[in-house]
1. So if I take the alpha carbon set of the chain, get Rg, then get Rh from the Kirkwood formula, what is the Rg over Rh ratio?
2. Cross-link partners among lysines for residue 6, C-alpha distance below 20 Å, same-chain residues fewer than 8 apart left out?
3. Can you give me the relative contact order of the chain as a percent, contacts being Cα pairs under 8 Å and 6 or more apart?
4. Please compute, over every Cα-Cα pair in segment 1-123, the percentage with a separation greater than 24 angstrom.
5. Return the subset of 67/218; 13/67; 53/242; 67/163 for which the Cα-Cα distance in this structure is over 24 Å, preserving the input order.
6. Using DSSP, restrict attention to beta bridges with both residues in the chain and report what percent are antiparallel, rounded to the nearest 5.
7. Could you tally the net charge around residue 75, taking each other residue with its Cβ under 12 Å from the Cβ of residue 75, Lys/Arg +1 and Asp/Glu -1?
8. Of the options 64, 14, 257, report the single residue whose Cα projects farthest towards the positive end of the charge dipole of the chain (beta-carbon charges: Lys, Arg +1; Asp, Glu -1).
Amino acid sequence: MRIINKNSKNRIKVGVTEIGSYLEINKPIVLDWSDCDGSMGRYCTLMGLKDAKFISLTHELNSHTYKDYSENPEGLLIDFQPLLSLLENGLYFINYSKGSENPVMESYLVFPKRAVTEQTFINENKDDVLLFTSHWYYELQGSFTIATQSEDSINREQVEFYKNEIIQGKRPFVIGIYKSYITDESKTNETGDDNPELTSAVFLLDGHHKFLAYQELKISSPTFTICQGFSNSDAIYFDLGKLKNYLNHFQTDHLEANR
């Protein structure tokens, strides 16, 4: 479903460029970028935590995640308007997928490491600062979603709770967001301004425990996906100056050297 967000609060943003992408929820939360080593390896790092107000909102909306919106997309927009109002202004494509008992490809949740300071690195006496402060993964087969919280924040009892819910036939969905070249208008690339191959990582806004429950049961999760579309370079940004406030200089050096 295509929507145009107007008069939004601009609190949830996705920055993207050729090397990688990041998610903001009032502030930078997580960054995913290429290791630029000639392979499909990638780094991801956790820059901040979601604030209490956003977490409270997702808890309030949790009961709606048990609904099947496949025949009621308008209801999805109504129920999740408090979340959608936090997005940037612009063009979006909203999709609800029911998931599958027999997925064609496996889905993986990638947990980032915390972007710790240089002093922590020195104290730990690590040999490779990027691997110590940034999770490395290899994007080969399957679909990858970037977590927006650390793995040590996961409550195993909550995962087991959702596994039981799923086994009983309930299908609560997760919520993901990404940014991509996508438009419903006929476009050409004659000016060189358009970026038809530029797409961000998919970031998990909410549903980490649900995602893991489905993953462990080898069932693809129902998903509410928010895609922010853009059709020219004016809609692209990647504020490395802002990110420097949340990363250590080893990470920013790598990003600057490979931009």
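Readers should treat all values here as calculations from the given coordinates under stated rules, not as data from a laboratory. Keep in mind it's a predicted model, so treat the numbers as computed, not measured. Note that each Cβ is placed from the backbone with ideal geometry, even for glycine, and that neighbours are counted across all protein chains shown.
1. On the way: Rg = 18.5 Å, Rh = 19.3 Å.
My calculation of the ratio gives 0.96.
2. By straight Cα distance, residue 6 reaches 179.
3. Working: 487 pairs, mean separation 69.7, N = 259.
Once normalised by length, the contact order is 27 percent.
4. Values: 3436 of 7503 pairs.
Here the tail beyond 24 Å accounts for 46 percent of pairs.
5. Numbers: 67/218 21 Å; 13/67 26 Å; 53/242 22 Å; 67/163 17 Å.
13/67, as the Cα separations exceed 24 Å there.
6. 65
7. Working: positive: 67; negative: 68, 71, 74, 79.
Once all neighbours under 12 Å are counted, the net charge is -3.
8. Selected residue: 64.
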